[in-house]
Amino acid sequence: MQKIYINPLPVRIWHWINAVGFVLLIVTGLQLRYVGQLGLMSFQAAVQWHNWIGFVVIANFFIWLGFHLFTDKIKVYHPELSPKKYYQQTFKQMQFYGYGIFRGEPNPHHADAYRKFNPLQSMMYQIVMMILVPVQCITGVLLWDVTRFAPAVEMLGGVRVVDTVHVLIFIFFSSFIFIHVYLSSLGHTPSAHFKAMWTGYEEVEDSHEAGAQTTGKA
């Protein structure tokens, strides 16, 4: 095994603030949605916590965006692959998650500092970070002060439409967290990817070791 520095400090700070923030937003959001049924806190407290945590997550998103726009780390989301090679690797990754992993086959993706995401992760994280998170932030701000942003709310179809979009993405993120934690446990050890997000270093097989294993299987 060798270690590569795959998660810079700004990414790690952003990740854990974002993770805690999302969990707290889900909890306070459920309290707002089911008033008087969960009993975790008062409605007023839930509103205040939800709003403040929401603004922290929004600010944290701009930290993530700035870091990736003004450094070369944006490459981790845009691998330099031809469309044909990208789809070939995507299909191999789908095969691995579909049945290869249950047969003990090796992961076809080998991470490095600029290719830490496999093709499926790259596509999903781009959708999440460049579409769903911004839409959730925008709808959240609009619902924060419906009166102040009344023209924008009406332009988008009214409060019911904005609220529905916000809730649907909330449901997606609630499910995404469980899937994300599960997939994060699929490293060479169940805790490998979690450790990498704390220390920044990912353990990977070096080329000599991988070649020896391939030769042995042949």
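Every read-out reported here was derived from the displayed coordinates using simple, explicitly stated rules and does not represent laboratory data. Predicted model only: the values in this text are computed from it and were never measured. Quick reminder, even Gly has a Cβ in these numbers, built from the backbone with ideal geometry, and neighbours come from all protein chains shown.
Observations on the structure shown:
- Centre-to-centre, using Cα atoms only, region 136-198 and region 26-97 are separated by 6 Å.
- Using alpha-carbon coordinates, inclination of helix 83-98 to the longest axis of the chain, degrees: 90
- Positive-end residue, the chain charge dipole about Cα centroid, Cβ charges, pick of 83, 109, 132: 83
- Two-site label geometry, residue 105 and residue 40: point separation in nm, points 7 Å out along Cα→Cβ: 4.0
- With a simple spin-label model that places each label point 7 Å from the Cα along the Cα-to-Cβ direction, the separation between residue 175 and residue 152 comes to 2.8 nm.
- Candidate lysines - alpha carbon under 16 Å from residue 84, same-chain residues fewer than 8 apart omitted: 92
- Since only 167, 14, 40 are under comparison, the one whose Cα sits farthest along the positive direction of the charge dipole of the chain, derived from C-beta charges on Lys, Arg, Asp and Glu, is 167.
- For the chain, the relative contact order works out to 30 percent when only alpha carbon pairs closer than 8 Å and six or more residues apart are counted.
- Structural descriptor for region 1-126: relative contact order 27 percent, calculated from alpha carbon pairs under 8 angstrom and at least 6 residues apart.
- Rounded to the nearest 10 degrees, the angle from helix 207-217 to the longest Cα principal axis of the chain is 70 degrees.
- Computed from Cα positions, the angle between helix 43-69 and the longest principal axis of the chain comes to roughly 40 degrees.
- The length gained by stretching the chain between residue 114 and residue 12 to full extension, at 0.36 nm per residue less their Cα-Cα distance, is 35.2 nm.
- Using the Karplus relation 6.51 cos²θ - 1.76 cosθ + 1.60 with θ = phi - 60°, the per-residue 3J(HN,Hα) values for region 176-182 come to 4, 4, 5, 5, 4, 5, 4 Hz, with x marking Gly and Pro.
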